[in-house]
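Reading through the structure tokens given below for one structure.
The values are calculated or read from the model by the stated rules, or taken from the named source; none is laboratory data. Keep in mind the model is a prediction, meaning the values are calculated, not measured. So basically every Cβ, Gly included, is an ideal-geometry build from the backbone, and we count neighbours across all protein chains shown. Just the protein is used for accessible areas: all its heavy atoms, side chains included, with ligands, DNA and RNA removed. Shrake-Rupley method; radii C 1.70, N 1.55, O 1.52, S 1.80 Å.
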Amino acid sequence: MTCYDAGKFDVAVIGAGHAGIEAALAAARLGCRTIIFTISLDAIGNMPCNPNIGGTAKGHLVRELDALGGEMAKAADATMLQSRMLNLGKGPAVHSLRLQCDRVRYHMYMKEALEKEPLLTVKQAEIVSVEKNEAGEIAAVVTAMGARYETGAVILATGTFLAGKIFVGEYSEYSGPDGMHPSLGLSDSLRALGVELRRFKTGTPARVHRRSIDYSRFELQPGDEPPIPASFSTDPSTLKNVLPCYIGFTNGTTHEVIKENIGRSPLYGGVIEGIGPRYCPSIEDKVMRFSDKPRHQFFIEPMGEHTEEMYLQGLSSSLPEEVQTALYRSIDGLEKVEIMRTAYAIEYDCIDPTVLRPTLEFKDIPNLYGAGQFNGTSGYEEAAVQGFVAGVNAAHKLLGKPPFLTDRSTSYIGTLIDDLVTKGCLDPYRMMTSRSEYRLLLRQDNADVRLMPEGYRLGLIPKEQYDRFLREQEQKEAEKCRLSRLTLPESEELNDYLLSVGSSPLSRGVRAEELLRRPGVTYAGLAAFDPDRPALGAHVAEQVEIELKYEGYIRKQEAQVKEMRRLEAMALPEDMNYNEIRGLRLEAIEKLGRIRPASIGQASRISGVSPADISVLIIALQGRGAPTGGRVH
């Protein structure tokens, strides 16, 4: 094929899903001439699965991304249909915001955000080749039509399009999500660069017509009032719950339909080669793996305000179309259901992320970065934060600035990336609060405290927003100080309140901060007995209560973080020959040599590297007289 020169850019992003969007916006906003390629302009910010943003642990990622200057939370607020805070019956560490969004409006919001970014070019084209120069660095990308774009860095955010193949029973074809055509030429080009690819798989439920559902048979699930925004910059008063969701359950008949037809499932028939998500299995997988369960929960959720499509969350499948119809219609309330889009499984190419640095740059291919499902993850939120990290780091490298890194003690973003590049993933990686050993420190309510100063230093948080953040922090600290000095006298009214929340009554005055630490006692509940209380915003009041109530536990985790950072400061040479270190076990030598950890701390988290191996490494490092801070060269 004859190619022609089509332009020159600093950064080229391949893919305009949730990872590609954040990567392109970050790189452009940091001053790099950026181009983003998508197979279809109509696929920008597409939600091929559930149209929601957030959820357990994922809500933390969205808040963190927003605190750093990302776009996802703002888009979710602008297109919200329903806002709900999950896990309120548990501690604040696992409270997670989830917004049901209008799928079409979300796409339109993100498309416009890309189009209006001054240094960003949006291009509908399929990239079939990535080229290196003689020095082994990324030099250009080439489209299927022969356009060659010179570039200093490439970010691969291909989602499920890379050699995508869909399965519905015995039927299969190469395809991207939602019937769009896949990327079929790029995989071979990446292999020629030395990139090893593997196959993962995910799936999606059917979409059904609103009129064909008997809602009286389902449990109503309204949004929370008042709605809570995802973005720290959104005025909560502008949000409104528009549409409800519903909860339903499968039954024994549903399970029998699945069992009788399980041989026609491409997953069980051995047709699908890719490894599926462990924590979001298909309905047939759930029925077969958990055969003792008489029913499985699912949710009926709107796709948008101006469409009749409804999403059956929890009922993803790759069974034949007629079997899908039978299993859905076996459910109470769905007896007459009309399927508008058939459920399918999709298989795609991705990488083992241990070949990446913490910046998400390939270790052996300078200026090539990976983000999102290409790195082996699942979920819009996991993809978006990786895109942001890759975009910032690609821009910083080209601009001669230091890399942007965030560790496990600072954010869920840091936890996710450390898990990927240190441990890798054997199936599509999904963020969960249990993956963080510091989750009481990494709450979604304090994402601004942890990361907004960094977002401001990057230049991605406006000064006006940062000044407002600083004022709120001053208010918080002043209120914590006031509560530490304030004594609430014993009274009949106060004792009645304490008894109502299951706490013991007072026999004398008690300081407000001590009272707040009692289980069941809330900051809002004490307002009636605190007439001099200043007027605080809901976000500031929430942080005051959590930081005082859990102060002792927070201090314990901070001590753990201090020890972790001591090990992280013990940098390992990038060229260290682990074969020469006596005392290391063979498995440790193999894993350390392949992953090449940046520090003793990272090495300690590699599966197969034991505490004894770490002791040997520390002794070897001390023998080299290596410094304890920064990367050793």
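Conditions (1) outside any helix (DSSP H, G or I); (2) more than 25 Å from residue 100 (Cα to Cα); (3) without any contact (Cβ under 8 Å) to a residue 40 or more places away in the chain, marked per residue:
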position: 10; (1), (2), (3): yes, yes, no
position: 19; (1), (2), (3): no, no, no
position: 22; (1), (2), (3): no, no, no
position: 28; (1), (2), (3): no, yes, no
position: 35; (1), (2), (3): yes, yes, no
position: 42; (1), (2), (3): no, no, no
position: 56; (1), (2), (3): yes, no, no
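Kindly indicate whether any position in the stretch 451-472 is β-branched (Val, Ile, Thr) and over 24 Å from residue 235 (Cβ atoms).
no
Counted as qualifying within the stretch 174-264 are the strands (runs of 3 or more DSSP E) with 1 or more residues that are of a type in the set (Asp, Glu) and out of contact with any helix residue (DSSP H, G or I) (no Cβ under 6 Å at 6 or more places or on another chain), namely 219-221. Out of all the residues in the stretch 42-52, is one or more farther than 16 Å from residue 381 by Cβ and open to solvent by 20 Å² or more (accessible area, probe 1.4 Å)? Among the residues of the stretch 42-52, at least one is farther than 16 Å from residue 381 by Cβ and open to solvent by 20 Å² or more (accessible area, probe 1.4 Å), which makes the answer yes. Within the stretch 257-282, the set of residues being among the hydrophobic types (A, V, I, L, M, F, W, C) and within 13 Å of residue 169 (Cβ to Cβ) comprises 258, 262, 267, 271, 272. Might you check whether a residue that is farther than 22 Å from residue 356 by Cα, of a type in the set (Val, Ile, Thr) and surrounded by fewer than 19 Cβ atoms within 10 Å (Cβ to Cβ) occurs anywhere in the stretch 561-573? Yes, the stretch 561-573 contains at least one residue that is farther than 22 Å from residue 356 by Cα, of a type in the set (Val, Ile, Thr) and surrounded by fewer than 19 Cβ atoms within 10 Å (Cβ to Cβ). Selection of the stretch 520-552 for residues being within 30 Å of residue 439 (Cβ to Cβ), out of contact with any helix residue (DSSP H, G or I) (no Cβ under 9 Å at 6 or more places or on another chain) and not small (Gly, Ala, Ser) yields an empty set.
Residue under question is residue 223, and the condition is that it be within 18 Å of residue 53 (Cα to Cα), in contact with a Ser or Thr (Cβ under 8 Å, 6 or more places away or on another chain) and at pLDDT 95 or above; does it hold?
Judged against the criteria, residue 223 is a match.
Say whether the condition of being open to solvent by less than 40 Å² (accessible area, probe 1.4 Å), closer than 30 Å to residue 518 by Cβ, of a type in the set (A, V, I, L, M) and in a helix (DSSP H, G or I) is met by at least one residue in the stretch 75-97. Scanning the stretch 75-97 turns up at least one residue that is open to solvent by less than 40 Å² (accessible area, probe 1.4 Å), closer than 30 Å to residue 518 by Cβ, of a type in the set (A, V, I, L, M) and in a helix (DSSP H, G or I).
Among the residues of the stretch 481-496, is there at least one that is open to solvent by 20 Å² or more (accessible area, probe 1.4 Å), in a helix (DSSP H, G or I), over 30 Å from residue 29 (Cβ atoms) and among the basic types (Lys, Arg)? Yes, there is a match, as at least one residue in the stretch 481-496 is open to solvent by 20 Å² or more (accessible area, probe 1.4 Å), in a helix (DSSP H, G or I), over 30 Å from residue 29 (Cβ atoms) and among the basic types (Lys, Arg). Being open to solvent by 20 Å² or more (accessible area, probe 1.4 Å), assigned to a helix (DSSP H, G or I) and either at pLDDT below 95 or not aromatic (Phe, Trp, Tyr) (or both) is true of residue 398. Here residue 475 clears all of (1) within 30 Å of residue 236 (Cβ to Cβ); (2) in a loop (DSSP other than H, G, I, E, B); (3) touching a Leu at 6+ places or on another chain (Cβ under 9 Å); (4) not hydrophobic (A, V, I, L, M, F, W, C) except the condition numbered (2).
Taken over the stretch 421-467, the criterion of being open to solvent by 20 Å² or more (accessible area, probe 1.4 Å), over 29 Å from residue 28 (Cα atoms) and either assigned to a helix (DSSP H, G or I) or of a type in the set (Val, Ile, Thr) (or both) is satisfied by 423, 434, 435.
A count restricted to the stretch 478-492 and to residues that are small (Gly, Ala, Ser) and closer than 15 Å to residue 529 by Cβ stands at 1.
If you check residue 231 against the conditions, is it without any contact (Cβ under 8 Å) to a residue 60 or more places away in the chain and of a type in the set (S, T, N, Q)? In short, no. With respect to the stated conditions, residue 542 is part of a helix (DSSP H, G or I), in contact (Cβ under 8 Å) with a residue 60 or more places away in the chain, open to solvent by less than 90 Å² (accessible area, probe 1.4 Å) and of a type in the set (Asp, Glu). Just give me the residues in the stretch 263-286 being of a type in the set (Val, Ile, Thr) and touching a Gly at 6+ places or on another chain (Cβ under 9 Å), in sequence order. Answer for the stretch 263-286, where residues must be of a type in the set (Val, Ile, Thr) and touching a Gly at 6+ places or on another chain (Cβ under 9 Å): just 283. Across the stretch 574-596, a minimum of one residue is classified as at pLDDT below 90 and either under 14 Å from residue 421 (Cβ atoms) or open to solvent by less than 70 Å² (accessible area, probe 1.4 Å) (or both). One residue stands out among those in the stretch 98-126 that are open to solvent by less than 10 Å² (accessible area, probe 1.4 Å), part of a helix (DSSP H, G or I) and not hydroxyl-bearing (Ser, Thr, Tyr): the one that is nearest to residue 441 (Cα to Cα), which is 110.
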